[in-house]
Amino acid sequence: MASATVLVALLGAWFDGLGQNPKTGVIDPSELTVCGLEVAHTYRTNFDVTLCVKNTATQADVTRLRYTIIAEQCDDSGACEQLAQATRDTLFAIQANTQTSKTQNLDFKPVDASVANLTWRATIDGVKATQ
């Protein structure tokens with residue numbers, strides 16, 4: 001009888017946690033928008049990158065995010081050449097219908113911070129979420 005009680009308790013705890021495991025496919029990356037990107041040179045080829053992401057999903061919370069930051073040199077006509085990129089897969093908690101920012105120090109070899117017309121952009125490549 002005691003083992004049955006323990007088994008029922010363990011099954012209940014497992015079932016209760018089912019919705020709390022982050023999964024891919026709960027939120028499509030298109031439901032996330034980049035709401036801000038700030039980049040500041042720190043040391044050599046390292047930059048502090050502050051990425052703001054808005055979760056437009058109404059019923060799911062982001063727990064993990066894979067994103068790419070791209071450094072480009074653009075000319076006056078708007079043509080850009082990619083200099084470097086950094087991809088990160090990191091914890092990034094964003095509740096439904098909210099936005100949040102996270103700062104990480106990233107290395108962009110061989111980007112020189114003094115290069116003219118240096119621009120930055122971000123892409124959201126993957127997301128894990130809970131409902």
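Here each label is just a point 7 Å from Cα along the line to Cβ, and for D125 and C35 those points are 2.4 nm apart.
Distance between the modelled labels on E81 and D28, one decimal in nanometres: 3.7 nm (7 Å Cα→Cβ projection). In summary, the lysines within cross-link reach of K23, defined as a Cα separation below 19 angstrom excluding same-chain residues under 8 places away, comprise K54, K128.
Taking 0.36 nm per residue of sequence separation and removing the Cα-Cα distance, the A116/R88 pair yields an extension gain of 7.5 nm. Averaging the Cα positions of each part gives two centres, and for the range 98-127 and the range 46-80 these lie 7 Å apart.
Using C-alpha pairs below 8 Å separated by at least 6 residues, the relative contact order for the range 36-130 is 41 percent. Shape index of the range 67-131: Rg/Rh, with Rg the Cα radius of gyration and Rh the Kirkwood radius from the inverse mean 1/r over Cα pairs, equals 1.06.
Length gained on full extension, Q104 to T42, computed as 0.36 nm times the residue gap minus the Cα-Cα distance: 21.2 nm.
Read-outs throughout are calculated quantities, based only on the coordinates presented, and are distinct from any laboratory measurement. The structure displayed is predicted, hence computed values, not measured ones. Cβ coordinates were reconstructed from backbone atoms using ideal geometry, including for glycine residues, and neighbour counts include every protein chain displayed.
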